1. Quick check: pseudo-label points 7 Å beyond the Cα along Cα→Cβ at Ser248 and Thr63, how many nm apart are they?
2. Given the peptides 183-190, 303-310, 246-253, arrange them by the average over their residues of other C-beta atoms within 10 Å, most packed first.
3. If you count the DSSP beta bridges with both ends in the chain, what percent of them are antiparallel, to the nearest 5?
4. According to a simple spin-label model (label point 7 Å from Cα along Cα-to-Cβ), what is the distance in nm between Asn304 and Lys351?
5. Can you give the FRET efficiency for Glu194 and Asn153, using 1/(1 + (r/R0)^6), R0 = 22 Å, r = Cβ-Cβ distance, to the nearest 0.05?
6. Cα axis of helix 140-154 to longest principal axis of the chain: angle in degrees, 0 to 90, nearest 10?
7. Output ³J(HN,Hα) for the range 199-206: one whole-Hz value per residue in order, computed from phi by the Karplus curve 6.51 cos²θ - 1.76 cosθ + 1.60 with θ = phi - 60°, and x for Gly and Pro.
8. For the chain, treating each Cα as an identical point scatterer without solvent, what Debye log10 I(q)/I(0) comes out at q = 0.07, 0.10 1/Å?
Amino acid sequence: MKSLLKVFSICCFVALAISCGNADDDVNFDLNLGSLGEGKPVDECLNLGENDLVLSIQDQYTTLPGKVSIFFKVSDTQGKPVPGLSASQFTIYEQGRNDDCFNTISTSESLARISPNSQIFNNNTLLVLDLSNSVLSSSLSQLKTATISFINNVMPAVADESFKMAIYWFDGEDELHLLNDLTTSKNELTAAVEGIDENISNDPSTDLYGAVIKSVNIAEDLLASSNSNEIIGAASVVVFTDGTDQASRYTEASALKKVNEANPNISFFTIGLGGEIDTQVLTDIGKTFSVFAGNEEELETTFNDISLRVSEQANSFYLFEYCSPKRDGSGENNLAIQVIDGSRQGAVQTKFDAKGFTGGCE
C-alpha cells in the first residue's frame, strides 16, 4: 500500500456529524459505533441532505497509475451496521482546485468496485463458553449444537484470511482455556466443539468475571498485533454463561471497567441461559448486544440471534476502489462518497493527492 494514511483521533460531536453538512472540522468517533473516522461531513454545495447512514473512513491510500482506495464502515445513525452493499450503490464526487463544487464520477467508467480487504483488515471473533458443571451436566448437547450453528453463521462460506474465530472456555479456575486457536476453518472449529465432553472440566465453579477480563486482554493483544503490521483490526467477544460468577476471584466492577475501557474496535456480546443468570450484568458486559434463553431448547435460536449481529458487524466494512480521472499536477483533491440503500443515504468527504496519476488503472 502506498501513501498509507493512519486513522487518527480528533474529539468531536455526534450531533454535528449527523446533522450539519457544512461543518469544517474533521471528525472521529468509535469505529464500532459506525461513526466517522477520518473525514468530515460533505460540503453543502452537494446538497445531499441529512445523513440516514454514516460512513466511517478507517483508511485510505492511492496506487499508481490512478487508483483511489477507501476503507470504511457503514452504519445507520443508531450505530447498527449495514452489511451487503454493492459498488452500484455508491456515488463518487471529486473536486479539483479549478472546480467550484464537486463533479460526479461515473462508477462504471471509473471501474468502481468493492474489493477484498484481507490485506488491510482483520476481524477476529472470540467465542467464550461457560463449561462449568451446570452446563456440562444439563445442557452440553444443546450448547454444542448451538455453537456449531453459530460457527456456520458467522464464518464466511469460503475461507477468508480477513475473518477468523477462536474458541475459549472457562469454569472455576483462574484460567481462560483455549479450545481452538484463531482459524479461518469452519471444519476445525466444528471438530473442536464436537470433541467437548463432560470430563473437560474438574472445577464446578464459575469464574465469569475472570473470563471476561482475560478475553478482553486477548482481543486487545490481537488488535495491537494487527496495528503493528499496518492492518486495521476489529474484534468481537461473545460470552456464553448459564449462571453468575461464583469464584469471586474478580469483582463485577473490575470486569465492567475492563469492558468499558476496552479498545472501541472491540464489540461485546453475551448469551445467557436459564433462571440463575443476572441479566443486568450480562447486558452491561454485552454492551453491543445481549440475548437470553429461558431453557436449553432456546439455545440455538439465541446463538443464531447473536451470530447475525456478529456477522453484520464484520460485513459492514468495505474496501471501495475506483480509477480517478485526476492527473499529476492537479494537487490535492476533495473526494466525497455517497451511499444509497433504499430510502436511506449517507456521505463522507475526504482528500487525496493525484501526484503521479496517469491514464489507465489496475
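Computed from the coordinates by the stated procedures, all read-outs in this text should not be read as laboratory data. The structure presented is a predicted model; accordingly, all values stated were derived computationally and were not measured. Here Cβ is always computed from backbone atoms with ideal geometry, including for glycine, and neighbour counts include all displayed protein chains.
1. 5.8
2. Ranked by mean Cβ neighbours within 10 Å, highest first: 303-310, 183-190, 246-253.
3. The antiparallel fraction comes to roughly 60 percent.
4. Those two pseudo-labels are separated by 5.1 nm.
5. That pair, Glu194 with Asn153, gives E of 0.85.
6. Rounded to the nearest ten degrees, it is 10.
7. My calculation for the range 199-206 gives 9, 5, 10, 10, 10, x, 7, 10 Hz in order.
8. Calculated log10 I(q)/I(0) at the listed q: -0.34, -0.65.
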